[in-house]
Amino acid sequence: MAPRLAAGVAKVIAAGNQPGAKRPATVITFEPLLIAAAGEDITLLHAGRSSQDMHATYRAAMLRAKLLDLGEQLNRTRATLIDLAGQHAGTVVPNYTNGVAAQPNSYGHYLLGFAAALERDAQRLREAYARVDRSPMGTTVLNGSSWPLDRQRMARYLGFGALVDNAYDASQLSSMDEPVEAAAIVTAIALHTGNFVEDVMTQYAQSRPWILLQEGRGNTYVSSAMPQKRNPGLLNDTRSAASSAVTLALGPVIQMHNITPGMSDPKDVKQNAAMIDSAINALQKWDRVLKALVISPERALEELNSDWTASQELADVLMRKYGLPFRVGHHFASEVVSHAKANDIKPLDFPYAEARRIYAEAVKGSKYPAELPMDEAAFRAALDPVAIVRNRATAGGPQPAEMTRMLKEAREKLAAQSAWIQARRSHIDASLAQLDADFRQLADRAADESTAQAVK
């Protein structure tokens, strides 16, 4: 019967491909079309089957495709981050903690930090994909069937990498977990997007920012009332897109809460596709932001030299080169900063004689040398933001050698992720092509047999 039934299925598929034709979304409404095309015998196809495992299978197949779409955009945005990091490996800028200028850093190093965060999101995506890329087909409702269906063969034809092993898990638990796990990835990506945007937004509150968007081109827009304003529309849109992604990602979590196993609430294909599309949209906008940034190294350095973000280096140098305990050096540096701020003195203008006086007071009555051990040149060098960044020795720091290493490794990971995505797509395409070829061969047999019968 197989060739004849295959011919019936092919007839229904061909009819469904016609403009305006019926394309049922459920097994119950699809089966009558099959019966009309090939007779009641075609219901043998339903032996050992259920809409439960069929729906779980197509949902998994569609979700894995969406994850690959997300992975590709994640790679594009990471590539832009990494390229920009390479361009600004030597650009020294302020970095902030607790909303306050903290230490000088390479802007490229800062960007590689975000690239590393997105690499973790890429790892999460690969791990989630492996769990989504499992075939529930052949598990029937929840405990299998008396028909000895070849689940492995069905999984191979549909391009799945493995089976959902437990028949109850297949459509009752795993198919509810998958959107929730995808939502966690969407959430992480959206949060990273929002973190970056908010950091740039803090500059727009300044009268002379060191980082801005290129004006026009949909990046900025003018105020209807205030001529001087150039509102960062692209940043606002990107933040809003990230917030929308977080909102949609909460959906599967809330829908899965307090329901019995197997319910359809968190499984809606359109809703889950929209959730992943929202993360893709946020990443696309972030990519646009990165390409529209205008960074002023001179203004960044001016800001660094107008504040005392390099003051920790005084304590570090006193300990590393002169054996002074860090806390003693930290107390000295803190007193220097307090005096400077009270008297509106910038780091480059701080009198060396005043530093010697403050040091003597800081160590008075202690066992440590009464004279500041660093000479004026060493004192000035310790407050130079560019030298601080260049002389970092920490693995993973912003110094040139480490930047070169991290940029190389970031690009290698990017290439590996691209290869992984391409391999997954190629595997699915090859599997489905094999399924179509084998199906056509079976359906064609019916036509050959019909012709032979007519000849007889």
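About its Cα centre, the dipole of the chain is roughly 360 debye, where the only charges are +1 on Lys and Arg Cβ and -1 on Asp and Glu Cβ. Cut-off 15 Å, label point 7 angstrom out along Cα-to-Cβ of N195: give me the residues of the range 65-85 whose amide nitrogen falls inside. Answer for the range 65-85: 78.
Counting only protein heavy atoms and a 1.4 Å probe, the chain has 51 square angstrom of accessible area per residue.
In this simple spin-label approximation, K346 and R131 carry label points 7 Å from Cα along the Cα→Cβ vector, and these lie 5.4 nm apart. Computed from label points 7 Å out along Cα-Cβ, the spacing between Q152 and A381 is 6.8 nm. Taking a ≥ b ≥ c as the square roots of the eigenvalues of the alpha carbon gyration tensor, the range 9-62 is oblate, as a/c is not under 1.5 and a/b does not beat b/c.
The sum of -39500 (n - 2.57) across all DSSP H runs of n ≥ 4, divided by the residue count of the chain, sets its helix-only mean residue ellipticity at 222 nm to -22500 deg cm²/dmol.
Considering only the chain, what is the antiparallel percent among its DSSP beta bridges, to the nearest 5? Around 85 percent of the beta bridges assigned by DSSP in the chain are antiparallel ones. Between the exposed loop cleavage positions of the chain, defined as GluC sites (Glu not before Pro) in a non-H, G, I, E, B DSSP state with at most 15 neighbouring beta-carbon atoms within 10 angstrom, the longest gap is 1-214. I need the calculated FRET efficiency for the pair R356 and A401, taking r as the beta carbon distance and R₀ as 30 Å, to the nearest 0.05. Efficiency computed from Cβ-Cβ geometry: 0.30.
Each principal axis of the Cα cloud of the range 288-331 was evaluated for its coordinate range; sorted largest first, these ranges are 48, 20, 16 Å. Considering only A395, Y368, A423, whose Cα is most displaced toward the positive end of the charge dipole of the range 332-456, charges sitting on Cβ of Lys, Arg (+1) and Asp, Glu (-1)? Among A395, Y368, A423, the one farthest towards the positive end of the dipole of the range 332-456 is Y368.
Taking all C-alpha pairs of the chain, those more than 42 Å from each other amount to 40 percent. Does anything in the range 289-303 have its amide N under 19 Å from the 7 Å Cα→Cβ label point of Y96, and if so which residues? Taking a point 7 Å out along Cα→Cβ of Y96, the residues of the range 289-303 whose backbone N falls under 19 Å are 289-290, 293-303. Overall dimensions of the range 26-154, expressed as equivalent-ellipsoid semi-axes from the Cα gyration tensor (√(5λ), whole Å, largest first), are 53, 14, 11. Charged side chains reduced to their Cβ positions (Lys and Arg at +1, Asp and Glu at -1) give the range 2-143 a dipole of some 140 debye around its Cα centre. Taken as Cα centroids, the range 121-144 and the range 252-287 sit 16 Å apart, rounded to the nearest whole angstrom. Ordering Q284, T80, L442 by Cα displacement along the dipole of the chain toward the positive end leaves L442 in first place; charges were set at the Cβ atoms of Lys, Arg (+1) and Asp, Glu (-1). The largest accessible area among L250, L33, L118 belongs to the first residue in L250, L33, L118, and the rest follow in falling order (1.4 Å probe, all chains). In the range 203-276, a dipole from Cβ-located charges (positive for Lys and Arg, negative for Asp and Glu) runs towards its positive end, and of G216, L248, L235 it is G216 whose Cα lies farthest in that direction.
Membrane-span-like helices in the chain, defined here as complete DSSP H runs extending at least 27 Å along the helix axis by their C-alpha atoms with mean Kyte-Doolittle hydropathy no lower than -1.0, are 51-87, 107-132, 174-201, 233-256, 269-292, 400-455; this is a sequence and geometry rule, not a statement about a membrane. Shown for the chain: the carbon plus sulfur share of the solvent-accessible area, taken with all protein chains present and a 1.4 angstrom probe, equals 55%.
The values are calculated or read from the model by the stated rules, or taken from the named source; none is laboratory data. Nothing here was measured: the structure is a model prediction, and the numbers come from that model. No Cβ is skipped: glycine too gets one built from the backbone with ideal geometry, and neighbour counts run over all protein chains shown. Surface areas here come from the heavy atoms of the whole protein model, side chains and all, with no ligands, DNA or RNA. Shrake-Rupley method; radii C 1.70, N 1.55, O 1.52, S 1.80 Å.
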